[in-house]
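Reading through the structure tokens given below for one structure.
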Amino acid sequence: MDRCDQLAALAALLAGCGMPPMFSVAIDEPIIDGRITLNGGSAKLMKNLDGAYWAKWREKAAEGELMVVFADGKRASCKMAYTPGNSPQRQAFTIRNRKCARLPDG
């Protein structure tokens, strides 16, 4: 857990609420857009300093997809879901050669 995650966890504890689920994706080529769409709502992917992208979700249970758009307009997507108590707070994905895969938890 990096320093920002530690501070976010501390803030959540002090606020008396749990941390929202986080989704990250490492992509092997530039994209022009990326977002997660869960339960009909959408959140734009944000670029981290390390080059990976991430998004967080504020709702409790969610189901949908992570989708990115490449410079040539082609897309790649992953199905995703979050269930409180059964899913990790962080879910990581990778897009390599325009194919999306979920990384193992941990």
Inset, instruction - Based on the mean of other Cβ atoms within 10 Å per residue, sort peptides 50-56, 76-82 so the most packed one is first. - result: 76-82, 50-56
Inset, instruction - Please list the non-local residues whose amide H lies under 5 Å from the amide H of I27, H modeled 1.01 Å from N, same-chain partners needing a gap of 5 or more. - result: Y53, I95
Inset, instruction - Pull up all non-local amide H partners of G34: gap of 5 or more, or a different chain, and H-to-H distance under 5 Å with H placed in the peptide plane. - result: L45, V69
Inset, instruction - Please say if the range 31-83 is rounded, prolate or oblate, where rounded means a/c under 1.5 for a ≥ b ≥ c the square roots of the C-alpha gyration tensor eigenvalues, and otherwise the choice is prolate for a/b larger than b/c and oblate otherwise? - result: oblate
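None of the figures in this text is laboratory data; all of them are computed from the coordinates on show. Because the structure is a prediction, the values reported are computed rather than measured. Cβ: placed from backbone, ideal geometry, glycine included. Neighbour counts: every protein chain shown.
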